1. Regarding segment 113-125, can at least one residue be identified that is at positive phi, in contact with a helix residue (DSSP H, G or I) (Cβ under 8 Å, 6 or more places away or on another chain) and not β-branched (V, I, T)?
2. Find the residue count for segment 64-91, including only residues that are in a helix (DSSP H, G or I) and either among the β-branched types (V, I, T) or modelled with pLDDT of 80 or more (or both).
3. Working carefully through the options A163, A199, A139, find the one that is in contact with a His (Cβ under 9 Å, 6 or more places away or on another chain), small (G, A, S) and either within 30 Å of P106 (Cβ to Cβ) or at pLDDT 95 or above (or both).
4. Of the residues in segment 101-125, how many are buried (at least 23 other Cβ atoms within 10 Å of the Cβ) and in a loop (DSSP other than H, G, I, E, B)?
5. Can you tell me which residue among A140, A163 is under 27 Å from A218 (Cβ atoms), of a type in the set (A, V, I, L, M) and in a helix (DSSP H, G or I)?
6. Could you check segment 200-224 and list, in sequence order, the residues that are assigned to a loop (DSSP other than H, G, I, E, B), within 18 Å of N159 (Cβ to Cβ) and either among the charged types (D, E, K, R) or touching a residue at least 40 places away in the same chain (Cβ under 8 Å) (or both)?
7. Which residues, taken from segment 166-199, are in a loop (DSSP other than H, G, I, E, B), among the hydrophobic types (A, V, I, L, M, F, W, C) and out of contact with any helix residue (DSSP H, G or I) (no Cβ under 7 Å at 6 or more places or on another chain)?
Amino acid sequence: MAEPEHLVTVAFYVLCTFLLLRAAAPIASRQRVVLAAYHTAFQLVRRGHWRGALVLFRWAGRQYDLPTWKVAIEACVANTRMVGGSGLTAAQVRSMLDLLAPATDPEEVVAEVANTAVNSFVALGAYAEALAVGERWDAAVWERLRSATPDGVKLIDLNKVEALYNTGDWAGSLVRLDRLQLPLDASALLHSGWRQQRAWILAALGRVAEAKAELAGAVVADVGPLYASEHHYTHAAVRLAAGDLEGARAATRTGKRLALRAASRRNAEVLLARIAAATGDDIHAEALCARAARMVTPGQAGDNLLLWGTILARLGRDAEARAAWAAAIENDGESEAAAFARERLGGGGEVTTCRI
């Protein structure tokens, strides 16, 4: 059987041949070819073939001199690299959005760039900016996008839910999720992603029976290989909330074996640390937290650093605990974890009561 990257290379050359055959075609026709390459690249990303996606994104970015296209493609390249552990800076995301012309740029590009911006801000821990993406656009822009790419708009809304619950507003995120009202003909990715997000939130709220019922309707194949780990981590979170520690550990290990993204590998260590802490094995939990901290990417590190500090405090290592909590505030300042870290540091820097 051919290797995936080999198939990507073949697909790339087929696409280039197609472009050459249509070189004399009008600009509008060539733009459709570039859009096809653009969409193909996103599909490759979602299936975990990010190196092949980079080739297509870069090729598409060389086809036009339009500033929006250049910035959008470069943003997608950087966001694709995030699969391997590095991505956009907040300044790059803002620049991309500033140059986007949502009223006139191709609808598919606007939706994909907006979604890239939301995901990038979430990954950076800039949750307020993630929630603000597109908020100043005219209603006519959103109507245009909903008409041309309804699934793209719903995906933006779905990813904004993650930004909201990372700030600690679990109840609000559930309300926002329920307002999405997915139509029956929405993509399988959206339907399973919606159920998965809902199960995660319900587990955090302690509504375990509802979380289990919701997760039963989510299909791992629908979310694709890139996020297959997160599907299993959601199972782990639900089982952990139910007190099934062995089930949670097994689900986490399954997700870890499937992890393609750097963030997914880190998330496995954090979940395993939570499970170890729940069993009372603080020594093992501390080692897992330390390992996850070494894998840290900008933003979204607060949950691990908060837990690490809590475990260090239980082990009597108060100075190290305070350092971990301070790092949670520095690295993930908008998160719920950072709020708990501030509380635990207290006014005088003393270790306060730990809730994890």
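1. Checked segment 113-125: at least one residue is at positive phi, in contact with a helix residue (DSSP H, G or I) (Cβ under 8 Å, 6 or more places away or on another chain) and not β-branched (V, I, T).
2. Qualifying residue count, segment 64-91: 8.
3. A199
4. Qualifying residue count, segment 101-125: 1.
5. Answer to the selection: A163.
6. G224
7. L184
One line per residue, one yes/no per condition, for (1) under 16 Å from the mean Cα position of the chain (by Cα); (2) more than 24 Å from V113 (Cβ to Cβ); (3) among the β-branched types (V, I, T):
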position	(1), (2), (3)
P150	no, no, no
I156	yes, no, yes
N159	yes, no, no
A163	yes, no, no
S173	yes, no, no
A186	no, no, no
R195	yes, yes, no
W200	yes, yes, no
A209	no, yes, no
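The values are calculated or read from the model by the stated rules, or taken from the named source; none is laboratory data. Just so you know, these numbers come straight off a predicted model, no measurement behind them. So basically every Cβ, Gly included, is an ideal-geometry build from the backbone, and we count neighbours across all protein chains shown.
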